[in-house]
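The values are calculated or read from the model by the stated rules, or taken from the named source; none is laboratory data. In this text the structure is predicted, and so the values were computed from the model without any measurement. Here Cβ is always computed from backbone atoms with ideal geometry, including for glycine, and neighbour counts include all displayed protein chains.
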Amino acid sequence: DSGVTQTPKHLITATGQRVTLRCSPRSGDLSVYWYQQSLDQGLQFLIQYYNGEERAKGNILERFSAQQFPDLHSELNLSSLELGDSALYFCASSVEGWPAGELFFGEGSRLTVL
Amino acid sequence: GNSVTQMEGPVTLSEEAFLTINCTYTATGYPSLFWYVQYPGEGLQLLLKATKADDKGSNKGFEATYRKETTSFHLEKGSVQVSDSAVYFCALSDSSYKLIFGSGTRLLVRP
């Protein structure tokens, strides 16, 4: 158990819909990362927050947004969903924000868009 | 930009065989290098790391040496077990705020 909790574990929805994925980092970790894992794209970095502030942005679509709340949990919002958004979304956390060191990953949220 | 290239899988081995998974990187400066492992149905977890040239990371019988001259960080294990079946990811950390992962190599160990 990494100590990182992600909900929901599985989510099935339709194209055009909006979903929210939630992540609770390990106790004491200030930094949260979101990654998307798909069969054809591998593990893609989406975005990182450190103590409530956005620190780095990767290949995140404009339809996607995220935030980190004062209690340090984070949410990833995915809107106007398309079939290609079906993937496993991982949250990871770490103590420090820079440079990226050891990350602790949750078990992921599997999103299926029909 | 910075990147990591791994050998394509799947790699299929018999139990007790020797394992090598190749990883090369492109980066400016002096990145830290990592191997993560993903077991079926689980998230990634750190297997080993090396933070400077010639460092050797090791854990659970796995080893990898940071070779700056060849920009490589190959993963090795002398005798694999069925329980080692997983996907292995090479990654680097440069001066940015993120880890950059390779595409992953699936290892299947048969009894």
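Checking the stated criteria, residue A:79 turns out to be touching a Lys or Arg at 6+ places or on another chain (Cβ under 6 Å), surrounded by 15 or more Cβ atoms within 10 Å (Cβ to Cβ), of a type in the set (S, T, N, Q) and more than 14 Å from every other protein chain (Cβ to nearest Cβ).
Do we find that residue B:32 is touching a residue at least 40 places away in the same chain (Cβ under 8 Å), touching a Ser or Thr at 6+ places or on another chain (Cβ under 7 Å), small (Gly, Ala, Ser) and more than 26 Å from residue A:55 (Cα to Cα) in this structure? It is false that residue B:32 is touching a residue at least 40 places away in the same chain (Cβ under 8 Å), touching a Ser or Thr at 6+ places or on another chain (Cβ under 7 Å), small (Gly, Ala, Ser) and more than 26 Å from residue A:55 (Cα to Cα).
Inspection of segment B:71-81 finds a residue satisfying the criterion of being within 26 Å of residue A:48 (Cα to Cα) and buried (at least 21 other Cβ atoms within 10 Å of the Cβ). Where strands (runs of 3 or more DSSP E) fall entirely within segment A:1-103, those with at least 1 residues that are over 16 Å from the mean Cα position of the chain (by Cα) and over 23 Å from residue B:39 (Cβ atoms) are at A:10-13. Are any residues in segment A:14-45 more than 10 Å from chain B (Cβ to nearest Cβ), crowded, with 22+ Cβ neighbours inside 10 Å and either polar (S, T, N, Q) or without any contact (Cβ under 8 Å) to a residue 40 or more places away in the chain (or both), and if so, which ones? A:36, the sole residue that qualifies. Restricting attention to segment B:88-102, does a residue exist that is more than 30 Å from residue A:49 (Cβ to Cβ) and either aliphatic (A, V, I, L, M) or touching a Pro at 6+ places or on another chain (Cβ under 9 Å) (or both)? No: segment B:88-102 contains no residue that is more than 30 Å from residue A:49 (Cβ to Cβ) and either aliphatic (A, V, I, L, M) or touching a Pro at 6+ places or on another chain (Cβ under 9 Å) (or both).
Look at residue A:63 and say whether it is basic (Lys, Arg) and within 8 Å of chain B (Cβ to nearest Cβ). For residue A:63, the condition - basic (Lys, Arg) and within 8 Å of chain B (Cβ to nearest Cβ) - is not met.
Scanning segment B:14-39 for residues that are surrounded by fewer than 18 Cβ atoms within 10 Å (Cβ to Cβ) and farther than 19 Å from residue B:59 by Cα turns up B:14, B:24, B:26, B:28, B:29, B:30.
Residues of segment A:94-114 being farther than 20 Å from residue A:10 by Cα and either at pLDDT 95 or above or more than 11 Å from chain B (Cβ to nearest Cβ) (or both), which ones? Hit for segment A:94-114 is A:95, nothing else.
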